[in-house]
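All remarks here apply to the structure that follows.
The values are calculated or read from the model by the stated rules, or taken from the named source; none is laboratory data. Owing to the predicted nature of the structure, the values given are computational and were not obtained by experimental measurement. Reconstructed Cβ throughout: ideal geometry from the backbone, glycine too, with neighbour counts over all protein chains shown.
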Amino acid sequence: MSRRENPLVIQSDYTVLLEVDNPNFEEARAVLSTFAELLKSPEYFHTYQITPISLWNAAASKVTVEHVLQQLEQYSKYDIPVNVRHGIADYMRRYGRLKLLSGGAGAAAGGATGAGGGLILQADDALLMAEIRSIKAVTALLGTKIDGRSCQISLFNRGLLKSTLISAGFPVEDLGGYSAGDALAIEIATQAPGGGSFALREYQQQAVESFYAGGRPEGGSGVIVMPCGSGKTIVGIGVMTKLQTETLILSTNITAVRQWIEELCEKTTLPRELIGEYTGEQKQIMPVTITTYQMLTHRTSTDEDFPHMALFNRRNWGLIIYDEVHLLPAPVFRVTAGLQARRRLGLTATLIREDGREGEVFSLIGPKKYDAPWKSLEKQGWIAAALCREIRVPLDPEYRLTYVAADRRNQFRVASENPQKAEILQEILQRHRKDRVLIIGQYLSQLEEIAKLTG
């Protein structure tokens with residue numbers, strides 16, 4: 001097969017187009033998922049983005065520069081742009097050059113040791129450490145110099161240092177270890193609520209083991225990416241049974257909180273009285289406590305602190321689970337920077353955030369530990385098949401003038417609230433009048449109009 005028949009087009013802005021109707025579509029998609037993020041998937045071409053974060057996630061999973069370039073060359077119609085080739089190599093080789101080690105770990109790694117059981121920032125050469133020291137925001141977070149390529153770090157600065165360094169383009173491999181937290185006896189139930197046996201599915205168990213990493217320092221913090229409906233909650237429960245420690249679970253809303261409680265009661269040996277719900281309705285703090293991001297960030301005025309953030313320190317948590325971590329609000333990021341000694345698990349269906357703070361997730365929650373492609377799970381029958389269709393709705397002439405006159409930010413809203421969509425929606429609802437239909441929109445005013453329209 002000639003290269004022109006390959007499925008990929010790699011562009012100089014680090015976007016990659018994947019041809020859907022190509023015979024090698026499935027193989028190329030599996031390859032891209034290891035080091036690029038899916039941006040959109042219309043009918044004919046899927047668009048992926050290669051970013052520093054996606055490359056560092058790949059590097060954290062032991063994927064090499066050579067492997068990435070070889071795979072791109074294998075499936076690309078054309079030569080890889082020179083800037084992309086060099087950029088991939090540069091970004092990926094940055095990961096692992098800076099390490100955070102516990103007080104005595106430096107000796108084991110062939111480097112210096114710190115005093116007092118604190119942390120050590122260690123570079124792979126003195127030139128890199130000199131470059132790091134030249135960054136003003138970083139210098140303020142560095143402690144006593146040990147030698148040309150290592151220095152002491154305050155435990156208090158662990159998260160802030162990682163966040164600051166990644167903003168400067170330097171990811172840190174955190175091997176500083178974790179506190180165990182208070183012990184909690186919890187096991188997976190062997191029997192399902194409706195009868196029959198129960199156990200984690202193979203991919204769920206793989207996700208748990210990838211996060212745990214045999215209890216080594218490189219495990220214990222990171223993100224598991226799995227599609228909706230594939231059992232992310234069960235994976236979180238699996239990690240809890242692996243660690244046997246008191247756990248704080250942060251979720252999106254009160255419905256999700258109660259789903260967690262139900263799953264814990266049905267799928268584990270944990271008694272209900274050891275599970276706490278910390279919401280607007282009740283404030284229970286138990287060995288396993290589930291709350292919402294909204295609860296944590298609630299305050300009566302913008303001038304006061306967040307009173308419920310104290311929950312992070314109310315018990316000796318050994319694990320914090322961030323459900324739907326791509327929705328993690330900024331105030332919780334700030335608190336998480338001070339929780340780096342606790343194990344942290346992020347669960348999500350996507351690493352892409354609307355606010356562009358993927359770097360904060362990488363540095364403060366951890367790198368991607370496991371990614372279960374939804375098409376693979378769909379083929380295996382674990383999740384329902386999804387049929388996606390894109391319908392493009394033109395603007396009428398009068399509305400187009402409104403669009404053109406709007407600034408870039410408001411153009412998105414004008415297009416989103418295009419009145420012509422209502423007619424198309426009615427046609428779709430008529431075709432599916434015997435089905436249950438969920439309508440998702442961006443703006444409440446538009447959804448309220450649709451609710452009136454559809455009765």
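Criterion first (part of a helix (DSSP H, G or I) and either at pLDDT 95 or above or in contact with a Lys or Arg (Cβ under 9 Å, 6 or more places away or on another chain) (or both)) does Leu264 satisfy it?
Working: part of a helix (DSSP H, G or I): yes; either at pLDDT 95 or above or in contact with a Lys or Arg (Cβ under 9 Å, 6 or more places away or on another chain) (or both): yes.
For Leu264, the condition - part of a helix (DSSP H, G or I) and either at pLDDT 95 or above or in contact with a Lys or Arg (Cβ under 9 Å, 6 or more places away or on another chain) (or both) - is met.
Only a single criterion out of (1) touching an Asp or Glu at 6+ places or on another chain (Cβ under 9 Å); (2) more than 25 Å from Ser197 (Cα to Cα); (3) surrounded by 24 or more Cβ atoms within 10 Å (Cβ to Cβ) is not satisfied by Thr252, namely (3). Scanning the range 396-455 for residues that are touching a Ser or Thr at 6+ places or on another chain (Cβ under 6 Å) and not aliphatic (A, V, I, L, M) turns up just one, Gln442. Please work out if Leu127 is modelled with pLDDT of 95 or more and over 29 Å from the mean Cα position of the chain (by Cα). For Leu127, the condition - modelled with pLDDT of 95 or more and over 29 Å from the mean Cα position of the chain (by Cα) - is met. Scanning the range 331-383 for residues that are surrounded by fewer than 22 Cβ atoms within 10 Å (Cβ to Cβ), small (Gly, Ala, Ser) and closer than 21 Å to Thr233 by Cα yields Ala349, Ser376, Gly381. Taken over the range 269-295, the criterion of being among the acidic types (Asp, Glu) and closer than 26 Å to Ile188 by Cβ is satisfied by Glu273, Glu277.
For the range 410-455, residues that are surrounded by fewer than 12 Cβ atoms within 10 Å (Cβ to Cβ), closer than 17 Å to Leu395 by Cβ and among the polar types (S, T, N, Q) total 1. Taking first residues from the range 424-444 that are closer than 19 Å to Phe412 by Cα and partners that are basic (Lys, Arg), the Cβ contacts under 8 Å between residues at least 6 apart in sequence or on separate chains come to Gln442/Arg413; Tyr443/Arg413.
Of all residues in the range 381-396, those satisfying the criterion of being over 20 Å from Tyr203 (Cα atoms) and in contact (Cβ under 8 Å) with a residue 24 or more places away in the chain are Cys388, Arg389, Glu390, Ile391, Val393, Pro394, Leu395, Asp396.
Checking each residue in the range 404-436 for being farther than 15 Å from Ile391 by Cβ and under 34 Å from the mean Cα position of the chain (by Cα) picks out Ala406, Asp407, Arg408, Arg409, Asn410, Gln411, Phe412, Arg413, Val414, Glu417, Asp435, Arg436.
Can Thr241 be described as assigned to a helix (DSSP H, G or I) and under 28 Å from Trp56 (Cα atoms)? No. Can you spot a residue in the range 141-158 that is within 21 Å of Leu364 (Cα to Cα), in contact with a strand residue (DSSP E or B) (Cβ under 6 Å, 6 or more places away or on another chain) and without any contact (Cβ under 8 Å) to a residue 24 or more places away in the chain? Looking for residues that are within 21 Å of Leu364 (Cα to Cα), in contact with a strand residue (DSSP E or B) (Cβ under 6 Å, 6 or more places away or on another chain) and without any contact (Cβ under 8 Å) to a residue 24 or more places away in the chain, one finds at least one in the range 141-158, hence yes. Of the helices (runs of 4 or more DSSP H) that lie entirely inside the range 29-117, those containing 1 or more residues that are modelled with pLDDT of 95 or more span 52-60, 65-75, 82-94. The set of residues in the range 323-378 that are at positive phi and among the charged types (D, E, K, R) contains only Glu324. Figure legend. Inter-residue proximity from the range 282-306: first residues closer than 24 Å to Arg258 by Cβ, second residues part of a loop (DSSP other than H, G, I, E, B) and among the basic types (Lys, Arg), beta-carbon distance below 9 Å, spacing 6+ or different chains. Indicated pairs: Ile285/Arg314; Ile285/Arg315; Met286/Arg315; Pro287/Arg315; Thr289/Arg314; Thr289/Arg315; Phe306/Arg299. Identification of helices (runs of 4 or more DSSP H) wholly contained in the range 356-455 with 2 or more residues that are at pLDDT 90 or above, not assigned by the TED database to the domain that holds Val31 and not aliphatic (A, V, I, L, M) yields 397-405, 408-416, 420-431, 444-454. Within the range 193-218, which residues are in contact (Cβ under 8 Å) with a residue 24 or more places away in the chain and part of a loop (DSSP other than H, G, I, E, B)? Within the range 193-218, Pro193, Phe198, Leu200, Arg201, Pro217, Glu218 qualify. Against the numbered list (1) closer than 30 Å to Leu161 by Cβ; (2) surrounded by fewer than 20 Cβ atoms within 10 Å (Cβ to Cβ); (3) out of contact with any Gly (no Cβ under 7 Å at 6 or more places or on another chain); (4) touching a residue at least 12 places away in the same chain (Cβ under 8 Å), Gly103 comes up short only at (3).
Looking across Pro307, Pro287, one residue alone is surrounded by 21 or more Cβ atoms within 10 Å (Cβ to Cβ) and more than 24 Å from Ser197 (Cα to Cα). It is Pro287. Output the residue which, of all residues in the range 20-37 that are touching a residue at least 60 places away in the same chain (Cβ under 8 Å) and within 27 Å of Asp174 (Cβ to Cβ), is nearest to the chain's Cα centre (by Cα). Filtering first and then ranking leaves Glu37. Restricting the first member to the range 251-274 and to residues that are within 17 Å of Thr241 (Cα to Cα), and the second to residues that are surrounded by fewer than 17 Cβ atoms within 10 Å (Cβ to Cβ) and basic (Lys, Arg), the beta-carbon pairs closer than 6 Å and six or more apart or on different chains are Cys265/Arg272.
Being of a type in the set (Gly, Ala, Ser), in contact with a Leu (Cβ under 9 Å, 6 or more places away or on another chain) and in a loop (DSSP other than H, G, I, E, B), is that true of even one residue in the range 299-313?
no
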